[in-house]
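The values are calculated or read from the model by the stated rules, or taken from the named source; none is laboratory data. Computed from a predicted model, the values in this text were never measured in an experiment. Cβ: placed from backbone, ideal geometry, glycine included. Neighbour counts: every protein chain shown. Heavy atoms of the whole protein, side chains included, go into the accessibility calculation; ligands, DNA and RNA do not. Shrake-Rupley method; radii C 1.70, N 1.55, O 1.52, S 1.80 Å.
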Amino acid sequence: MTNSDDERTPLIAAAIPAATAPVASGSRPYGAATLHPDDDTRETMSSFVVNNVAGESGRKLPQYIAGLAASGGALAAGTFLGWTSPAEIPLVQKQEYGFPISTEDFSWIGSMANLGAALMCFPIGILMKMIGRKWAMLTMVLPLLLGWLLIIFANNVAMLMVGRFFLGIGGGAFCIAAPTYTAEIAQSSIRGTLGTFFQLLVTIGILFVYGVGAAVNVQVLSIICGVIPLVFGLIFFFMPESPHYFIEKNREDDASKSLKWLRGNRYDERAEIEELKAEDAKIREDKITFVQGFKQRATIRALIISLGLMFFQQLSGINAVIFYTTTIFDDANTGLEATAATIIVGVIQVVATLLATFIVDKAGRRILLMISDFFMAVSTILLAVYFQLKEDDASQVANLGWLPVLAVCLFIAMFSIGFGPIPWLMVGELFANNVKAYVSPLAGVFNWLLAFLVTKVFTNLRDALGIAGVFWLFSGLSLLGTVFVFFIVPETKGITLAEIQRMLSGEKVRRSSGHSNPAMEDDEKPETR
């Protein structure tokens, strides 16, 4: 695999910044999350009766359709994130574009996307509040198109760099807006599944570029990639706006129509509308400044959890594993070319992320994160041992070529099932609406800047520690990340977004699933009824 240093992380890891901005409650019985705890039972029963008068508690298929349509932006993001892998050799070594591009030039060409994405994390939150989640995403088709046009017709390195920067702006915005939109339209029972759609479509986009890039030249590949944002725009144009946005703008009739589209015509949306109105009124009443936001206990805890997850995602070793994939497959004497090895990694990504989509609302977030990080640590330990033995005496690993291949496949699968999609899903769940515009984008900026930093200093780390030392470092960080998840990260499966805020504030939340929350148990207050 021949992707450059600049893109190793975004290829799989940073390809998902960031679920931010306002998120509405899911739709298990409505009303319970926004009223005083003493009113929970009464309001829950009322909502249950209202919704079932219509004979339906809410169809799921329209929500899946809207969620997939929104995640079409992730497909567009995946294409530019994977583009550097098939483009590096033709552009740098073969000068396919007719002008020289050095390895250092190409490193900057790829990494400019990280900076563009980081720059967009805050503006997209403002744009979503001004014109809505739907139109904010549709607007991002423009920088994506501009970026691809600059790359398609580039006649110098500067055009390629600026094009990549615009692609980062569009892709980074989708990484914020799409998870926000899916979290707001989804009922709580499927919110986790819809939340993983983004990562799934990113991995499919990357695999698509790997496959197409093996068959066509860079310019044709870029043209094909440029068509994808247009297709997304045409499809997503027919999807509904988030009902939460309509309530924010006092457009109750539009919110009702949106919920009818998302839940089915037989769904009685009145209880959900009332909850959204109550939640919006509370947000307006509790409107706070940037400084005040950081004085809230729930906000501080949500920020610690979110930034911690982003840190351990980027420092998991994904860069080193991706960078050495080609070397590892070559050393194993598999007979596979770099393109084939790249496609294998892409397929593993897609399959594992698809599995996460099916099980995240059944297994829960915490257990998948812990399994993911622990087995990534095991994988990087195996790679560290292999490269250490190889550095000491290459003959010791002559018959162990299968070991690093197994380690790479295990690592990619475990990353994709947990630490790939779930940190972004949880960012969309953890922050309250009255602070979301201030603090949620921090997670996205933090992740993209880490992606940029880690990819640029990786070579220095390798020179200082040796490749075996780098893998030992990453394995230790992954083990530390497992401990972080166990003690700090709460389980958000099966509870509404408003209940998550109560839990982060220290209240005990009754969970219909019966799962405990070990990360929150130490300071939960007794529930009074």
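Return yes or no: is residue 192 at positive phi and in contact with an Asp or Glu (Cβ under 6 Å, 6 or more places away or on another chain)?
So residue 192 fails the test.
For residue 367, state whether it is part of a helix (DSSP H, G or I) and more than 21 Å from the chain's Cα centre (by Cα).
no
For residue 152, only one of the following conditions fails: (1) open to solvent by 50 Å² or more (accessible area, probe 1.4 Å); (2) at pLDDT 95 or above. What is its number?
(1)
Just checking, how many residues over the stretch 210-254 are open to solvent by 50 Å² or more (accessible area, probe 1.4 Å), more than 30 Å from residue 341 (Cβ to Cβ) and not in a helix (DSSP H, G or I)?
Residues that pass the stated criteria total 5.
Of all the residues that make up the stretch 372-382, how many are open to solvent by 10 Å² or more (accessible area, probe 1.4 Å) and either among the β-branched types (Val, Ile, Thr) or at positive phi (or both)?
Count: 2.
Among the residues of the stretch 291-328, how many are within 18 Å of residue 380 (Cα to Cα), in a helix (DSSP H, G or I), open to solvent by 10 Å² or more (accessible area, probe 1.4 Å) and at pLDDT 75 or above?
Looking only at that region, the number is 2.
To keep it simple, each residue is scored yes or no on (1) more than 26 Å from residue 425 (Cβ to Cβ); (2) of a type in the set (A, V, I, L, M, F, W, C).
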{"position": "186", "(1), (2)": "no, yes"}
{"position": "196", "(1), (2)": "no, no"}
{"position": "203", "(1), (2)": "no, no"}
{"position": "212", "(1), (2)": "yes, yes"}
{"position": "215", "(1), (2)": "yes, yes"}
{"position": "218", "(1), (2)": "yes, yes"}
{"position": "236", "(1), (2)": "no, yes"}
{"position": "239", "(1), (2)": "no, yes"}
{"position": "254", "(1), (2)": "yes, no"}
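From (1) more than 24 Å from residue 249 (Cβ to Cβ); (2) assigned to a helix (DSSP H, G or I), pick out the condition that doesn't hold for residue 155.
(2)
From the set of residues in the stretch 261-274 that are more than 28 Å from the chain's Cα centre (by Cα) and of a type outside the set (Gly, Ala, Ser), which is surrounded by the most Cβ atoms within 10 Å (Cβ to Cβ)?
Selected residue: 269.
In this structure, does residue 183 turn out to be over 21 Å from residue 101 (Cβ atoms), in a helix (DSSP H, G or I) and out of contact with any Ser or Thr (no Cβ under 6 Å at 6 or more places or on another chain)?
yes
List pairs: first in the stretch 140-165 and closer than 21 Å to residue 71 by Cα and among the small types (Gly, Ala, Ser), second open to solvent by less than 10 Å² (accessible area, probe 1.4 Å) and assigned to a helix (DSSP H, G or I), Cβ under 7 Å, 6+ apart or cross-chain?
Correct list of pairs: 147/163; 147/164; 147/167; 147/170.
So, residue 117, is that one part of a helix (DSSP H, G or I) and under 30 Å from residue 459 (Cβ atoms) or not?
yes
So which of 168, 82 is at pLDDT below 90 and within 20 Å of the chain's Cα centre (by Cα)?
Matching residue, one of 168, 82: 82.
Among the residues of the stretch 391-402, is there at least one that is aromatic (Phe, Trp, Tyr) and in contact with a Leu (Cβ under 7 Å, 6 or more places away or on another chain)?
no
Just give me the residues in the stretch 383-396 being buried (at least 20 other Cβ atoms within 10 Å of the Cβ) and more than 18 Å from residue 416 (Cβ to Cβ), in sequence order.
384, 386, 387
Only one of these conditions is not met by residue 288: (1) within 20 Å of residue 127 (Cβ to Cβ); (2) of a type in the set (Val, Ile, Thr); (3) not in a helix (DSSP H, G or I). Which number is it?
Evaluating residue 288 over (1) within 20 Å of residue 127 (Cβ to Cβ); (2) of a type in the set (Val, Ile, Thr); (3) not in a helix (DSSP H, G or I) leaves (1) as the failure.
If you scan the stretch 70-84, which residues turn out to be out of contact with any Gly (no Cβ under 6 Å at 6 or more places or on another chain) and either free of Cβ contacts under 8 Å to residues at least 40 places away in the same chain or open to solvent by 10 Å² or more (accessible area, probe 1.4 Å) (or both)?
Selection gives 72 alone.
Going through 471, 484, 415 one at a time, which residue ends up being modelled with pLDDT of 85 or more, open to solvent by 10 Å² or more (accessible area, probe 1.4 Å) and part of a helix (DSSP H, G or I)?
Exactly one of 471, 484, 415 is modelled with pLDDT of 85 or more, open to solvent by 10 Å² or more (accessible area, probe 1.4 Å) and part of a helix (DSSP H, G or I), namely 484.
Which condition number does residue 189 fail, the rest of (1) among the small types (Gly, Ala, Ser); (2) closer than 22 Å to residue 59 by Cβ; (3) buried (at least 21 other Cβ atoms within 10 Å of the Cβ) being met?
Unmet condition: (3).
Which one is nearest to residue 126 (Cα to Cα), of the residues in the stretch 437-468 that are open to solvent by 40 Å² or more (accessible area, probe 1.4 Å) and of a type in the set (A, V, I, L, M)?
The residue in question is 437.
In the stretch 192-209, what residues are within 25 Å of residue 58 (Cα to Cα), open to solvent by less than 10 Å² (accessible area, probe 1.4 Å) and hydrophobic (A, V, I, L, M, F, W, C)?
Scanning the stretch 192-209 gives 194, 198.
Against the conditions (1) under 22 Å from the mean Cα position of the chain (by Cα); (2) under 21 Å from residue 205 (Cα atoms), where does residue 340 fall short? Just the number, please.
Here residue 340 clears every test but (1).
Just one of the numbered conditions (1) in a loop (DSSP other than H, G, I, E, B); (2) at pLDDT 85 or above is not true of residue 266; which one?
All conditions pass for residue 266, except number (2).
Can you tell me which residue in the stretch 87-131 is surrounded by the most Cβ atoms within 10 Å (Cβ to Cβ), limited to those that are closer than 20 Å to residue 225 by Cα and of a type in the set (Gly, Ala, Ser)?
117
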